[in-house]
Amino acid sequence: MITHIEVILAEVPTIRPHRLSVATMHTQTLVLVRVRCADGVDGWGEATTIGGLNYGEESPDSIKANIDTHIAPLLIGMEASQVAKAMAKVRKVIQGNRFAKCAIETALLDAQARRLGVPLSELLGGRVRDALPVAWTLASGDTAKDIAEAQQMLELRRHNIFKLKIGARPVADDVAHVLAIKKALGDAVSVRVDVNQAWSELDAVRGIAALEAGGIDLIEQPVRAEHKAAMARLAQRYAVALMADEALHGPLDALDFVRHDGADVFAVKITQSGGLVPAAQVAALAQLAGIGLYGGTMLEGGVGTAASAQLFSTFGELAFGTELFGPLLLTQEVLRTPLVYQDFMLQVPTGSGLGVEPDMDKLRDLRRR
Ligand SMILES: O=C(O)C[C@H]1C=CC(=O)O1
Ligand SMILES: [Mn+2]
């Protein structure tokens, strides 16, 4: 039986300012959810987002308030091992709140997988890969600093895929910044961009043409999420891969993209999709339709990153890799044993459930009071 649900907000400084077109991050507010059950098993989930309300319509504060006030009371007293029944109740009664739903579903699945003594991936169809390629995001705001950071990552053999955050400056300045980095890093390195919705369709026509000619591999969410028709026109116009991110809020959006040939690649995010199970449906639609897959992040800490890794390990096709580097952007580790990044890959945890344990002493120090 589910007995307690607790939401912990923990403030963790980033290793450097992280500049997106919608926000500059100096700290990340981790949103952690702990579900406790009468049989003594605990489950953990994460609902971390970016930039308060700058990126999406749920903030750390709204997630905590809505779980505490509206979602937890629905679940207390329900059978903890019947995860699908519990989530069906939440999805029937609660509108929106995808991040909150994701954290709750993750925690229930973590607890159930621990009970069964299997990694969470085995409740999601089963893992077909034990390690995931991981991109690093260059977002210092300075071309020379970004090049030095990328070269350091290559030397450490931590990342050989780089995503550049653009869209805050004029298109020509951004293009010059990206192509200078691509030129410095060379052909063996994959360079991608994330515009985070900042361009008009006309900006995008000009920007994408220049980036494609300069050897950039992937263009993420160039136009506003609502402008799906513009995204489809761009995807059909250019050979370079176009990826949907903010426009993808779960399986129904994925179906819409499939129907309209609206994107070449999907950034699958467990929080944006509303949970691990709907995120698996997004991926299934992509695979059936021949759309490429990329494992996205909301810059979660170790709990959410492990949850995403458990799901992404089940993807048969993962042509564009993942960006599960969230814990590496933070100055503090919140797991008792950190996730392992080596040889350009994240090792998928092998223990039962998520395969990670939050460090309660650390969380006590970092939690917002
Ligand atoms: O993809 C996003 O829009 C969000 C995020 C992922 C990596 C990063 O640096 O920001
Ligand atoms: Mn993105």
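The values are calculated or read from the model by the stated rules, or taken from the named source; none is laboratory data. Because the structure is predicted, anything quoted here is derived from the model rather than measured. Every residue, glycine among them, receives a Cβ derived from its backbone with ideal geometry; neighbour counts consider all protein chains shown. These area figures cover heavy atoms from the full protein model, side chains too; ligands, DNA and RNA do not enter into them. Shrake-Rupley method; radii C 1.70, N 1.55, O 1.52, S 1.80 Å.
By DSSP, what percent of the beta bridges with both residues in segment 123-347 are antiparallel, rounded to the nearest 5?
Antiparallel bridges: around 20 percent, rounded to the nearest 5.
How do 336, 34 stack up against each other in accessible area, from largest to smallest, with a 1.4 angstrom probe? Mind dumping the intermediate values first?
On the way: 336 160, 34 40 Å².
Descending order: 336, 34.
Nearest 500 deg cm²/dmol is fine: what mean residue ellipticity at 222 nm does the chain get from its DSSP H runs of n ≥ 4 alone, each adding -39,500 (n - 2.57), divided by its residue count?
Numbers: 13 runs with 137 residues, N = 369.
Value at 222 nm, helices only, nearest 500: -11000 deg cm²/dmol.
Rounded, prolate or oblate, given the Cα gyration tensor of segment 36-178, with a/c below 1.5 counting as rounded? The partial results should precede the final answer.
Values: a/c = 3.34, a/b = 1.75, b/c = 1.91.
It is oblate, given that a/c is not under 1.5 and a/b is not larger than b/c.
At 1.567 mPa s and 4 °C, plugging the Kirkwood radius over alpha-carbon pairs of segment 127-239 into Stokes-Einstein gives what diffusion coefficient in µm²/s? Don't skip to the end; give the middle numbers.
Working: Rh = 14.6 Å.
The Stokes-Einstein estimate is 88 µm²/s.
Which three numbers, in whole Å and largest first, are the semi-axes of the equivalent ellipsoid of segment 123-347 derived from its Cα gyration tensor as √(5λ)?
Working: eigenvalues 127, 112, 40 Å².
After scaling each eigenvalue by five and taking roots: 25, 24, 14 Å.
Once the Cα atoms of helix 143-155 and of the chain are each reduced to a long axis, what angle between those two axes, in degrees from 0 to 90 to the nearest 10, is obtained?
60 degrees
Once fully extended, how much extra length lies between residue 350 and residue 180, figured as 0.36 nm per residue of separation less the alpha-carbon to alpha-carbon distance?
Details: separation 170, 0.36 × 170 = 61.20 nm, distance 3.99 nm.
Stretched fully, the residue 350-residue 180 segment lengthens by 57.2 nm.
Starting from 0.36 nm per residue, how many nanometres of slack lie between residue 226 and residue 284 once their C-alpha separation is accounted for? Show your work: numbers first, answer last.
Numbers: separation 58, 0.36 × 58 = 20.88 nm, distance 2.29 nm.
Working it through step by step, the gained length comes to 18.6 nm.
In segment 160-245, which GluC sites (Glu not before Pro) fall in coil by DSSP and have 16 or fewer other Cβ atoms within 10 Å?
Working: sites: 201, 212, 220, 226; in loops: 226.
Of the GluC sites (Glu not before Pro), the ones in loops of segment 160-245 whose Cβ has at most 16 other Cβ atoms within 10 Å are 226.
Over the chain, what relative contact order in percent results from Cα pairs under 8 Å that are six or more residues apart? Mind dumping the intermediate values first?
Details: 820 pairs, mean separation 74.8, N = 369.
Relative CO of the chain lands at 20 percent.
By how many degrees, 0 to 90 and rounded to 10, does the Cα axis of helix 276-289 deviate from the longest principal axis of the chain?
Orientation of helix 276-289: about 40 degrees from the principal axis.
At 1.4 Å probe radius, can you tell me the per residue accessible area of the chain in Å²?
Numbers: 13950 Å² over 369 residues.
Ligands and nucleic acids excluded, the result is 38 Å² per residue.
Can you list the aspartates and glutamates whose alpha carbon sits under 16 Å from that of residue 183, skipping same-chain ones fewer than 8 residues off?
Straight-distance partners of residue 183: 142, 146, 149, 173, 174, 212, 217.
Probe radius 1.4 Å, ligands and nucleic acids ignored: give me the carbon and sulfur share of the accessible area of segment 28-113 as a rounded percent.
On the way: 1600 of 3050 Å².
The computed percentage sits at 53.
Working out 0.36 nm times the residue gap between residue 369 and residue 92, then minus their Cα-Cα distance, what length gain in nm do you get to one decimal?
Working: separation 277, 0.36 × 277 = 99.72 nm, distance 3.22 nm.
Between residue 369 and residue 92, full extension yields an extra 96.5 nm.
Hey, what did segment 37-111 get for relative contact order, percent, Cα under 8 Å, at least 6 apart? Walk me through the intermediate numbers first.
On the way: 73 pairs, mean separation 36.9, N = 75.
Rounded, it is 49 percent for segment 37-111.
Below 14 angstrom from the Cβ of residue 33, what's the summed charge of the other residues (Lys, Arg +1; Asp, Glu -1)? Before the final figure, lay out the partial values.
Numbers: positive: 34, 36, 64, 98, 101, 367; negative: 6, 42, 46, 58, 68, 105, 110, 300.
Taking every other residue near residue 33 into account, the sum is -2.
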